[in-house]
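The values are calculated or read from the model by the stated rules, or taken from the named source; none is laboratory data. This structure is a prediction, so every number in the text was calculated from the model and none was measured. Cβ placement follows ideal geometry from the backbone for every residue including glycine, while neighbour counts extend to all protein chains displayed. Accessible surface areas use protein heavy atoms only, side chains included; no ligands, DNA or RNA. Shrake-Rupley method; radii C 1.70, N 1.55, O 1.52, S 1.80 Å.
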Amino acid sequence: MCGIVGAVAHRIVTPVLLEGLRRLEYRGYDSAGIAVLDDSEQLQRVRKQGKIKALETALETHYAEGKIGIAHTRWATHGVPSERNAHPHVCRDTVAVVHNGIIENHDALRRKLMLKGYEFESETDTEVIVHQVHEFLEAGLDLRKAVLRTCAILEGAYAIAVISSRTPGRLVAARHGSPLVVGLGESENFVASDIFALVGETQRFIFLEDGDNVELTTETVQVYDRDQQPAQRPVHETKLVVDAVERGEYRHYMQKEIHEQPVAIEKTLDGRIRAGHVLDAAFGPLAEKAFDHIRSVQIVACGTSYHAGMVARYWMEAIAGLPCSVEVASEFRYRKHVVPPGTLFVSISQSGETADTLAALKEAKHLGYVHTLAICNVPESSIVRESESTLMTRAGLEVGVASTKAFTTQLTALLLLVVALGKRNALSAGQEAKIVKELESLPEQIRHVLRLEDEIQAWAEQFGDKQHALYLGRGAQYPVAMEGALKLKEISYIHAEAYPSGELKHGPLALIDDQMPVVAVAPNNELLEKLKSNLQEVHARGGQLYVFADVDAPMENVPGVKLLRVAATDEVVAPIVYTVPLQMLAYHVALIKGTDVDQPRNLAKSVTVE
Ligand code: AGP
């Protein structure tokens, strides 16, 4: 992953770089660093293990001021998180490089460079780039040519930014596989992994294409394509303003985002449903046309977004009557496909930058799908730009690494899609009106669930000393159980697994003892009686049961079984409603464990490498 930012200006760029890093911290927070060329054209570098805050503190006492510079926030791939492995990497006080991506042939390159006398100070794959650029500079190439020659021998994915004391006013950047944007200022120019890093400085951007490289000075921006021809890329004006998001009364962003869900869902529905109908216009004119020809649906996503896709599959087949497949993007992108005629390709992503989902989408475009639709939360993200149509989730900026409001708004958007496709197929006007009514009442249902926080907090206390937990659900609640287990794993570091409850007796029942909490989602549907039998099987073996049930579900209070009545909810929207107590449970367990809730260890908000 990692985030990179660079700037060349007539003013000191250190604050610009730091602000860019703060905005890119969602890409990784293992270490951060900055390198600038000072007024005497000397490279000044400061790096710190840990979050951007640590770098900020270090910069208060270490001199690093210059009018040209590059910076980096790291999510470790090669080499442990440490100051030594932090970027920028520097060669002989002459060249500095920041890199996002993975250099696959770094071992071979490292060996060759070592034979030529280059000394490596880190375990990273990136360090080969800086020494290789240096070697080409020594051979007499200018900085851009040295970078190009280096790129020509790199295998893997990269976005890099390079400065050198040999060419003080020039910043060179290149991309292959990893995203890179150029920000255009007034007598100053910038590069970064995405526009968020720079929206405080400019609203004008060039999205570099794969294979592009660019040379920036304060007055010029020259892009070259993969054939080294000067290229004109369109300039995009963004309206995006990334305000600092405050936590307000909440202790963590995650808690705030859990509580924002009713409003986020209202926004996602706004202008998209009217008088008992889902409006086709919500999907844009291209999708509207394509929808008439859809006979099946392929969904691709990662992590939480994949769980949203799994819920949608149940809906798509039950409500719309359309065959639907769901696959994690990292698998989809590397296997052969048989695409049934008339298949819609749907990618789901909060960030719109997830490398595997983006690669799967790019692959899908060559496979004969009728249309590509992205369900995404970030306008102008790579996945949005690559898709023919989009349905934005309007959850607003999600800061917590553990996704919450993005998930429930994805589900809301997916249900709109299911209805839009369904009414062209199996769904009657009456059924459509009923689902729309449920969607309208969804924010209120969630507000009701949010009022259960005290009870859920009390349950959480029983999880603090546990090593493992099982989550159970049936039907569309199975992916909800998976999402609940993922939340617990991510932020409390308790190992949690989800099973469709009918699978218990095929193995996992062996795990049950009095140290194994078992969380079950039990809405009042046709599978309730079967689920109750599964829960009996757990109870009979001493398992600790925590059951979230419907207000009207015929479930008795059994000694030793904790039961919380969640809501009286319709079966269709139940997966959205039942997600919320599981989010709150994970949050409160994490509080008890004292973990870093918003930035849990080893993770990043956006996974931009394979
Ligand atoms: C969610 O809590 C996770 N942080 C993670 O699984 C995430 O959903 C996944 O990386 C996909 O991200 P995306 O939605 O931005 O594509």
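When all alpha carbon pairs of the range 243-357 are counted in 10 Å bins from zero, the resulting P(r) reads 12, 31, 37, 16, 4, 0 %. Between helix 106-115 and the chain there is an angle of about 20 degrees, using the helix long axis and the longest principal axis of the Cα atoms.
Average accessible surface for the range 235-274: 60 Å² per residue, computed with a 1.4 Å probe over protein heavy atoms with every protein chain in place. A full extension of the chain between GLU331 and ALA275 corresponds to an added length of 16.1 nm, given 0.36 nm per residue minus the alpha carbon distance.
I need the shape label for the range 341-475. Rule: rounded when a/c is under 1.5, else prolate if a/b > b/c, else oblate, with a, b, c from the alpha carbon gyration tensor. Note, shape of the range 341-475 comes out oblate. Between GLU246 and ARG11, the modelled labels are 2.5 nm apart [label points 7 Å from Cα along Cα→Cβ]. Excluding same-chain neighbours fewer than eight residues apart, no lysines are reachable from LYS145 by a Cα-Cα span under 18 Å. The label point for SER441 and the one for GLU123, both projected 7 Å from the Cα toward the Cβ, are 5.7 nm apart. Which trypsin sites (Lys or Arg not before Pro) does the range 1-79 hold that lie in a coil by DSSP with at most 14 other beta carbons within 10 Å? Answer by residue number: ARG11. Couplings for the range 212-229, taken from phi via the Karplus curve 6.51 cos²θ - 1.76 cosθ + 1.60 with θ = phi - 60°, read 6, 9, 8, 10, 10, 10, 5, 9, 9, 9, 10, 9, 10, 7, 5, 8, 6, 8 Hz in order; Gly and Pro are left as x. For LYS336, a cut-off of 15 angstrom between C-alpha atoms picks up these aspartates and glutamates, skipping any fewer than 8 places away in its own chain: GLU327, GLU363. Database remark: amide H of LYS67 closer than 5 angstrom to the amide H of VAL13, LEU37 (H placed geometrically; neighbours at sequence offset of 5 or more, or on other chains; Pro and chain starts carry no H). The range 61-138 and the range 465-490 have their alpha-carbon centroids 41 Å apart. With a 1.4 Å probe and every protein chain kept in, tell me what percent of the accessible surface of the chain is carbon plus sulfur. Taking all protein chains in place, the chain shows 48 percent carbon and sulfur surface. For the chain, the longest principal axis of the Cα atoms and the long axis of helix 127-138 meet at an angle of about 20 degrees.
Considering only alpha-carbon pairs that sit under 8 angstrom and 6 or more positions apart, the relative contact order computed for the range 319-392 is 30 percent. Loop-located GluC sites (Glu not before Pro) in the range 30-120 (DSSP state other than H, G, I, E, B) with a sparse environment of at most 10 neighbouring Cβ atoms within 10 Å: GLU119. Averaged per residue, the range 72-200 has 34 square angstrom of accessible surface, using a 1.4 angstrom probe with ligands and nucleic acids left out. Under the convention that each Lys and Arg Cβ holds +1 and each Asp and Glu Cβ holds -1, the size of the dipole of the range 1-70 around its Cα centre is about 280 debye.
From helices alone, the chain scores -10500 deg cm²/dmol at 222 nm; the rule is -39500 (n - 2.57) for each run of n ≥ 4 DSSP H residues, then divide by the residue total. Placing unit charges on the Cβ atoms only, positive for Lys and Arg and negative for Asp and Glu, gives the chain a dipole magnitude near 600 debye about its Cα centre. Calculate the FRET efficiency for GLU537 and GLU186 from the Cβ-Cβ distance with a Förster distance of 60 Å, rounded to the nearest 0.05. After rounding to 0.05, the efficiency reads 0.30. Taking all Cα pairs closer than 8 Å and separated by 6 or more residues, the relative contact order of the range 1-137 comes to 26 percent. Entry note, the chain: relative contact order of 12 percent, from Cα contacts under 8 Å with a spacing of 6+ residues.
Length, then width, then depth: along the principal axes, the Cα atoms of the chain run 80, 54, 44 Å. For the range 461-477, putting each phi into the Karplus relation 6.51 cos²θ - 1.76 cosθ + 1.60 with θ = phi - 60° gives couplings of 4, 7, 9, x, 9, 8, 9, 9, 8, 10, 10, 10, x, 10, x, 5, 7 Hz, in residue order, rounded to whole numbers and with x for Gly and Pro. Size of the range 491-610 from its Cα atoms: along the principal axes, largest to smallest, the extents are 44, 34, 30 Å. Angle of helix 405-422 to the longest C-alpha principal axis of the chain, folded into 0 to 90 degrees and rounded to 10: 70°. Distance between the 7 Å Cα→Cβ label points at ARG601 and ARG295: 5.2 nm. Run the paramagnetic zone check for LYS505: 7 angstrom along Cα to Cβ, then residues of the range 533-568 with backbone nitrogen under 12 Å. Answer for this model: 533-538. For the listed residue pairs LYS466/LYS562; LYS505/LYS530; LYS239/LYS267; LYS489/LYS530, the alpha carbons are over 22 angstrom apart in LYS489/LYS530.
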